[in-house]
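The values are calculated or read from the model by the stated rules, or taken from the named source; none is laboratory data. None of these values were measured; they are calculated from a predicted model. Cβ placement follows ideal geometry from the backbone for every residue including glycine, while neighbour counts extend to all protein chains displayed.
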There are 2 protein chains.
Amino acid sequence: MVDVVVVGTVALDDVKTPFGEVKNALGGSATFASLACSLFSKVGLVAVIGNDFPEKHIDFLASKKIDLKGLERDKARKSFHWSGEYGLDLNVAKTLRTDLNALETFSPKLPEEYRKADFLFLGNLDPEIQLNVLAQMKKRPSMVVADTMNLWIELKREKVLQVVKEVDIALMNDAEARQLFRTPSLVRAAREILSLDSKVAIIKKGEHGCVMFTDKKHFACPGYPLEKVIDPTGSGDSFGGALIGYLARTRDFTEKNMRKGIVYASSVASFNAEAFSTEKLSKISEADVRKRYREFKGFVRF
Amino acid sequence: MVDVVVVGTVALDDVKTPFGEVKNALGGSATFASLACSLFSKVGLVAVIGNDFPEKHIDFLASKKIDLKGLERDKARKSFHWSGEYGLDLNVAKTLRTDLNALETFSPKLPEEYRKADFLFLGNLDPEIQLNVLAQMKKRPSMVVADTMNLWIELKREKVLQVVKEVDIALMNDAEARQLFRTPSLVRAAREILSLDSKVAIIKKGEHGCVMFTDKKHFACPGYPLEKVIDPTGSGDSFGGALIGYLARTRDFTEKNMRKGIVYASSVASFNAEAFSTEKLSKISEADVRKRYREFKGFVRF
């Protein structure tokens, strides 16, 4: 029985940063999120891969105890493929090319067992698919967290807003929050998220950390001070996956515990940026994550 | 007797933001820094104004108990004039025009009394003038804090590096730190600052707050969550002025007390961004600043 269902993309990525490049590397929102989630909880992954997807990546995900019953293979199409580049400011990814391929016709059918899961993570993906997946749940999960990205805000703004309305925690980065609510103010964007019915708005700010807004409180978590960021791709997804994994394990949705979850998630996300693809995420243990959690305590004390 | 000497610019600013614009408004690094400093300590201002500088601004500064013995008037030239604009991302100022005017030939002569001050703030200004002022001090002050900006890094990089080498706390924003040390990594830039001999590196990140690096420790202070940023001009200067004012009052240079100073300074800087020019800074009291200081405690607790 899985605790958390993660829906999103499983991709082959070409990524170039000032520190090197990789081609056809394992990527995608569901990949990073489920790997991060697996540090804390039992996770099932829902996504589609194409006819070119290497067996070794499937074996790797399985080796991490990620349940793959929801991983479909589209034999007629290639895998979703993303090409991106980062300049000296590693906070900003420049998308060079997005080939939807198998994603174009993806209409996930959740395995029966997944429909009863208590925790659902709607990773960055077409908002219509996110809504479709939510509709397949037998009962409303205790906690639904959704992420998004600029592409969907540009193409399907109304659907993205509907997703925000349906979920418990809406997650997005600062540029996306500004874009979605057409305001320069992150505080105002967060208020808009809350007024749409999300209980919690979390805005990710790359190396600057993230901020959480709830009805009455505000929490700010700094970024972990990395000397060398190699490839931030997937750090936002790792953050989301780790957060829901932590919440699924603790089953405590108080604002206080969410703060803790955010710091754990920030710790996981920081590791992810230290190597290309899933290289670092594949190696860290919960003990590593806890060590950085304790360091965070020292960073903010005054 | 002044506790803190602040050197920098006193300017007439034209500023345009999405929320309005002002022309010939009181501005300049020394203006914001000394106003912020005056909340905590007795401050003397060293700067030059031109033949067009309105009496009312001088009266205003004097009304804030800022000592003006070091404020020279150049009768042959106009005042330093800066024109800038902010777009929807209020973190980034676009300089439209810089007219040095009186600043072009400014060579400050510190009043005798100032040369014995224990605290010196070298506000954003030509680094050669910053060094010249430091050389005029009768004894090395207990604490010297220096700020800079992209213009000087472009024009006089070596001199900026020399300033960093001479001072106790080097202050700059994130883009400037990356530019000065030609690295995408703020952590690496901070290490370079420390290796140049500054004891403390503080990197300001606008709405994302700031980070302090000392030899062994790291402190992160978030930005105050403002619903409406009207004009961030001078917030960095206010931050620096408040910090040295706080340190001059407490005379405690431990890392722990510096953290407190940074939070007070962040509080002052956040107020400054809530109105054009010095409008907000002119109205706040220490009690207002303390209130936000306490709020910061709540923002970071986990």
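Annotations for the structure displayed:
- Selection count, region B:37-63, where residues are over 24 Å from B:LEU100 (Cβ atoms) and either of a type outside the set (Gly, Ala, Ser) or touching a Gly at 6+ places or on another chain (Cβ under 9 Å) (or both): 8
- Residue check for A:VAL2: of a type in the set (A, V, I, L, M), in a loop (DSSP other than H, G, I, E, B), surrounded by 21 or more Cβ atoms within 10 Å (Cβ to Cβ) and within 21 Å of the chain's Cα centre (by Cα): yes
- Checking B:ALA190 against (1) in contact with a Leu (Cβ under 7 Å, 6 or more places away or on another chain); (2) buried (at least 23 other Cβ atoms within 10 Å of the Cβ); (3) within 12 Å of chain A (Cβ to nearest Cβ); (4) in a helix (DSSP H, G or I), the condition it does not meet: (1)
- Meets criteria (surrounded by fewer than 20 Cβ atoms within 10 Å (Cβ to Cβ) and within 13 Å of another protein chain (Cβ to nearest Cβ)) for B:GLU279: no
- Top-ranked residue in region A:200-253 [being acidic (Asp, Glu) and farther than 25 Å from A:GLY87 by Cβ; ranked as surrounded by the fewest Cβ atoms within 10 Å (Cβ to Cβ)]: A:ASP215
- Between B:LEU26, B:LEU35, the distinction of being in contact with a His (Cβ under 7 Å, 6 or more places away or on another chain), modelled with pLDDT of 95 or more and surrounded by 17 or more Cβ atoms within 10 Å (Cβ to Cβ) belongs to B:LEU26 only.
- Selection of region B:216-269 for residues being within 14 Å of chain A (Cβ to nearest Cβ), within 13 Å of the chain's Cα centre (by Cα) and in a helix (DSSP H, G or I) yields B:LEU243, B:ILE262, B:ALA265, B:SER266.
- Filter result for A:THR31 (β-branched (Val, Ile, Thr) and closer than 22 Å to A:CYS210 by Cα): yes
- From the list B:VAL187, B:VAL211, the lone residue that is over 17 Å from the mean Cα position of the chain (by Cα) and under 30 Å from A:VAL211 (Cβ atoms) is B:VAL187.
- Among the residues of region A:282-302, those identified as facing chain B (nearest Cβ under 8 Å) and out of contact with any helix residue (DSSP H, G or I) (no Cβ under 7 Å at 6 or more places or on another chain) are A:LYS297, A:GLY298, A:PHE299, A:ARG301.
- Elements of type strands (runs of 3 or more DSSP E) in region A:89-153, at least 2 residues being free of Cβ contacts under 8 Å to residues at least 12 places away in the same chain and buried (at least 24 other Cβ atoms within 10 Å of the Cβ): none
- Residue match in region B:50-61 (condition: in contact (Cβ under 8 Å) with a residue 24 or more places away in the chain and among the β-branched types (Val, Ile, Thr)): no
- Taking the criterion of being under 19 Å from A:MET258 (Cβ atoms) and either within 8 Å of another protein chain (Cβ to nearest Cβ) or assigned to a helix (DSSP H, G or I) (or both), the only residue of region A:196-207 that qualifies is A:LYS205.
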